[in-house]
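The values are calculated or read from the model by the stated rules, or taken from the named source; none is laboratory data. These numbers were taken from a predicted model, which means no experiment stands behind them. Virtual Cβ from ideal backbone geometry, glycine too; neighbours counted across all protein chains shown. Keep in mind that these areas ignore ligands, DNA and RNA; they rest on the heavy atoms of the full protein, side chains included. Shrake-Rupley method; radii C 1.70, N 1.55, O 1.52, S 1.80 Å.
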Amino acid sequence: MNADQSGAGSPNSREAWLAELQAASLLKQKSFMEGIAARLNRPRIQSKPEQPFRGAPEFWNSFQWTTEEQLQQFTANFQAAGGQAVHLATSAEAANFIVGLAEEMKATRILMHHQPGLDRLRLAQQLQHAQVSVWNDEVDINGIEHAARAEIGVIEADHAVAYTGSLVTKSSAHQGRSVSLLPAVLIAIIPVSRLVTRLGEVLAELDSAGREKLPAGIHFISGPSRSADIENDLTIGVHGPGIVYALLVDQW
């Protein structure tokens with residue numbers, strides 16, 4: 001039916017036509033719901049259910065682990081999901097770990113987020129046999145294609161949640177999602193000062209910043225990529241890295 005056939009040529013007639021359609025739709029909805037109530041042999045429920053509790057209870061909002069407990073719980077939960085968690089004292093130890101792993105893998109392409117902490121690791125100087133590049137730092141390179149060919153992606157997490165064993169990373173012009181998603185191996189560095197107990201702590205901070213300050217993407221990473229089909233056959237590394245290291249660093 002076009003506008004002329006419906007009599008909806010003018011704004012007034014269009015509004016009347018839409019109101020008529022809405023009324024007809026509500027009648028059908030009422031008839032449908034009352035039919036279900038009749039089959040259940042009870043009156044149709046039209047009031048909202050009571051919700052005596054909203055949000056997390058107070059005991060949960062105040063629940064906190066010590067730093068040592070956060071380290072232990074994050075490590076246990078992250079490794080239970082298939083990831084590897086390593087506790088290191090300094091950023092120099094983190095650099096040594098990455099260099100050692102890259103040499104062991106004979107990695108030729110390593111891609112990093114563009115972050116001051118990662119720049120200080122001086123990976124390019126230590127891995128001269130490999131191409132160490134930074135996301136969105138070279139305009140003539142297809143970043144996604146480059147990330148797909150990288151063996152190792154290195155990121156600095158914005159937060160980590162001990163209770164769920166999850167990393168949290170926010171996207172930006174120099175922190176592309178592809179760095180943590182496309183390489184075969186992901187190494188995420190987590191300054192211990194950014195470790196929190198509950199996911200709600202991270203969400204509250206994001207919420208308090210205001211919608212206009214939210215990034216385009218906020219990513220929660222809990223171990224390697226895991227996929228399962230309808231027969232529950234689990235496959236690792238199909239939609240993301242199959243190997244994920246979380247380096248918990250005391251002095252970053």
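The figures follow:
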| read-out | value |
| --- | --- |
| Residue that is most open to solvent (accessible area, probe 1.4 Å) [pool: residues in region 40-88 that are farther than 30 Å from residue 224 by Cβ and either aromatic (Phe, Trp, Tyr) or modelled with pLDDT of 95 or more (or both)] | 53 |
| Enumeration of residues in region 168-221 that are in contact (Cβ under 8 Å) with a residue 24 or more places away in the chain, assigned to a loop (DSSP other than H, G, I, E, B) and aliphatic (A, V, I, L, M) | 173, 182, 184, 216 |
| Any hit, region 231-242, residues being surrounded by fewer than 18 Cβ atoms within 10 Å (Cβ to Cβ), acidic (Asp, Glu) and farther than 18 Å from residue 160 by Cβ | yes |
| Single residue of region 213-230 satisfying the filter (surrounded by 15 or more Cβ atoms within 10 Å (Cβ to Cβ) and β-branched (Val, Ile, Thr)) that is farthest from residue 162 (Cα to Cα) | 218 |
| Where a residue in region 39-59 is closer than 20 Å to residue 200 by Cα and assigned to a loop (DSSP other than H, G, I, E, B) and its partner, wherever it lies, is open to solvent by less than 100 Å² (accessible area, probe 1.4 Å) and at pLDDT 85 or above, with Cβ under 7 Å and at least six apart | 56/200 |
| Complete set of residues in region 110-125 that are open to solvent by 80 Å² or more (accessible area, probe 1.4 Å) and assigned to a helix (DSSP H, G or I) | 116, 125 |
| From the options 107, 102, residue that is more than 26 Å from residue 163 (Cβ to Cβ), in contact with a helix residue (DSSP H, G or I) (Cβ under 9 Å, 6 or more places away or on another chain) and assigned to a loop (DSSP other than H, G, I, E, B) | 107 |
